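The values are calculated or read from the model by the stated rules, or taken from the named source; none is laboratory data. Just so it is clear, the model here is predicted, and its values are computed rather than measured. Reconstructed Cβ throughout: ideal geometry from the backbone, glycine too, with neighbour counts over all protein chains shown. These accessible areas exclude ligands, DNA and RNA; they are computed on the full protein's heavy atoms, side chains included. Shrake-Rupley method; radii C 1.70, N 1.55, O 1.52, S 1.80 Å.
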Amino acid sequence: MPLMTIRDIDVKGKRALVRVDFNVPLENGTVADDNRIKAALPTIQYLVESGAIVVLATHLGRPKGKRMEEFLLTPVAERLRFLLDRPVAYASDCIGDAVEGLVNSQKPGGIVLLENVRFYAEEEKNDPEFARKLARLGDIFVNDAFGTAHRAHASTRGVADYLPAVAGFLMQEEVAIMGRALAEPDRPFVAIIGGAKVSDKIMVIENLLPKVDSLIIGGGMANTFMRAKGYNIGKSLVEADKVDLAKSLLTKGGEKILLPSDVVIAREFKPEAENTVVSSDRIPDDWMVLDIGPETAMGFTEAIKQAKTAIWNGPMGVFEMPAFARGTLAVAQAMADSEGCTIVGGGDSVAALDMAHLADKMTHVSTGGGASLEFLEGRELPGVACLQTKD
Ligand code: ADP
Ligand code: MG
């Protein structure tokens with residue numbers, strides 16, 4: 001059922017406690033990448049224009065329940081003021097009388113940024129008393145932090161026990177687009193799964209296999225599947241304890257599963273390592289697979305271009321080294337050229353997409369690495385499950 005959003009309720013004059021994901025990388029005391037802040041602006045702007053008082057809560061880094069200088073939100077407050085071109089009151093704490101006073105002194109359209117919620121250990125423990133204190137700062141709870149929706153923390157889940165809870169626009173978009181792709185995809189539906197390890201993505205593969213028309217497997221994890229087919233994989237990265245699982249997935253998946261037919265192999269795990277292309281069943285001892293080969297990239301490209309829905313999670317090779325980035329870039333380009341619905345999730349896949357300057361060519365780039373993975377696994381996210389739905 002679709003999530004209820006801030007558009008579906010009356011927010012005028014209300015204090016909206018908004019959980020955002022402003023967990024951004026910092027460098028020398030400034031925000032190094034403000035994409036996550038930008039992603040929450042539509043929700044903040046809508047609330048401001050609708051006459052709500054906006055109270056923003058986020059975590060930053062892993063301060064482990066202690067107040068730490070390096071995880072103060074000062075740089076975030078600064079960048080937010082710049083992006084909104086409006087005053088933002090920056091609270092010195094996220095709970096307590098002083099913060100309540102600051103919030104309650106705001107006029108409609110006012111914005112308060114609370115200090116890092118993870119300065120309290122109670123946040124990650126989803127402590128009900130701490131959640132109740134946070135909830136005192138709002139009349140409604142708006143969750144726009146898809147990136148933390150897989151965590152049942154006080155500011156992502158706990159506050160919903162005390163306040164009416166709805167989705168922000170970013171949250172709504174993430175859940176609607178990925179939800180639709182999983183539940184009623186336009187076909188052909190193709191999933192491209194890569195990355196280092198099978199073990200990270202077993203549940204994604206198991207959830208997607210019955211739903212997709214083709215499951216493309218590349219990256220380091222393809223080695224384990226090639227071993228399962230009986231190929232020699234030299235000294236490539238492999239998970240020996242997952243070979244049997246890979247065998248059973250190959251049996252279950254049959255023709256649906258596409259593996260690399262050729263691969264780029266290297267002598268060493270180094271950018272300048274001697275490398276060459278071989279057929280997947282001809283990998284010599286003492287060599288390792290670091291990318292899919294050109295023939296494979298062409299085949300994968302064809303499958304992606306024909307798809308009406310394509311979901312991509314995980315690079316096809318060691319894309320951090322230019323010599324082994326071609327397969328990943330080919331997949332990124334095929335996704336960009338596709339006229340169907342294209343969805344990308346996963347931190348490294350999104351990094352590869354940015355490297356190729358193709359992010360804006362996708363239908364949807366998920367802002368949540370871990371959260372999008374759990375979503376693709378078919379799991380219920382606590383920060384989503386607590387939100388009201390429309391029926
Ligand atoms: P994502 O963050 O998109 O979910 P993962 O974290 O699962 O992706 O995997 C990304 C990592 O996998 C990259 O650092 C990449 O170098 C590595 N990788 C991909 N292919 C190989 C390979 N053949 N051998 C070793 N590492 C690989
Ligand atoms: Mg990763």
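Legend: residues Trp287, Trp312, sorted from most to least accessible area (1.4 Å probe; ligands, DNA and RNA excluded), read Trp287, Trp312.
Do you know the relative contact order of the chain, to the nearest whole percent, from alpha carbon pairs under 8 angstrom that are 6+ apart? Intermediate results must be reported in sequence, preceding the final value.
Details: 857 pairs, mean separation 64.7, N = 391.
Result for the chain is 17 percent.
Mean residue ellipticity, 222 nm, helices only, the chain: the sum of -39500 (n - 2.57) across DSSP H runs of n ≥ 4, divided by residue count and rounded to 500, is -10000 deg cm²/dmol. For the residues Val238, Val350, a 1.4 Å probe over the protein chains yields an accessible-area ranking, largest first, of Val238, Val350. Using the Cβ of Ser50 as centre and a radius below 10 Å, the other residues enclosed give a net charge of +1, where K and R count +1 and D and E count -1. Can you give me the C-alpha center-to-center distance between the range 288-349 and the range 360-391, rounded to a whole angstrom? So the two Cα centres are separated by 22 Å.
Which of the three applies to the range 6-173, rounded, prolate or oblate, going by the alpha-carbon gyration tensor with a ≥ b ≥ c and a/c under 1.5 meaning rounded?
Numbers: a/c = 1.32, a/b = 1.09, b/c = 1.21.
It is rounded, given that a/c, with a ≥ b ≥ c, falls under 1.5.
Just to confirm a number: summing +1 for Lys and Arg and -1 for Asp and Glu over residues other than Arg326 whose beta-carbon lies under 14 angstrom from that of Arg326, what do you get? Don't jump to the answer; show the numbers that get you there.
Working: positive: none; negative: Asp262, Asp291, Glu295, Glu320.
Charge balance near Arg326 sits at -4.
Would the range 48-112 count as rounded, prolate or oblate if I go by the C-alpha gyration tensor, calling it rounded below 1.5 in a/c and otherwise prolate when a/b exceeds b/c, oblate otherwise?
oblate
Close lysine pairs were tallied over the range 7-134: pairs 8 or more places apart or on different chains with Cα atoms under 30 Å apart number 18. Between the residues Val198, Leu182, Ile343, the greatest Cα displacement towards the positive end of the dipole of the chain, with unit charges on the Cβ of Lys, Arg, Asp and Glu, is found for Leu182. Taking the charge dipole of the range 185-376 about its Cα centre, with +1 at Lys and Arg Cβ atoms and -1 at Asp and Glu Cβ atoms, the residue from Gly220, Val264, Trp287 reaching farthest to the positive side is Gly220.
Centroid-to-centroid, using Cα positions, the range 242-282 and the range 120-191 are 38 Å apart.
Near the amide H of Val18, within less than 5 Å, lie the amide hydrogens of Val55, Leu56, Ala57, Val142, all on another chain or at least 5 residues away, with H placed in the peptide plane.
Work out the length of the dipole vector of the range 6-173 about its Cα centre, built from +1 on the beta-carbon of each Lys and Arg and -1 on the beta-carbon of each Asp and Glu, and round it to the nearest 20 debye.
On the way: 22 positive and 24 negative charges, 30 e Å.
In total the dipole reaches around 140 debye.
Excluding Ser338 itself, calculate the net charge of residues whose Cβ lies under 13 Å from the Cβ of Ser338, where each Lys or Arg counts +1 and each Asp or Glu counts -1.
Details: positive: Lys305, Lys308, Lys361; negative: Asp186, Glu302, Asp337, Glu339.
Local charge sum for Ser338: -1.
Residue by residue, the range 261-274 carries 3J(HN,Hα) couplings of 8, 9, 9, 8, 10, 9, 6, 9, 8, 8, x, 9, 4, 4 Hz when phi is fed to the Karplus relation 6.51 cos²θ - 1.76 cosθ + 1.60 (θ = phi - 60°); x denotes Gly or Pro. Rounded, prolate or oblate, given the Cα gyration tensor of the range 150-217, with a/c below 1.5 counting as rounded? Oblate, because a/c is 1.5 or more while a/b does not exceed b/c.
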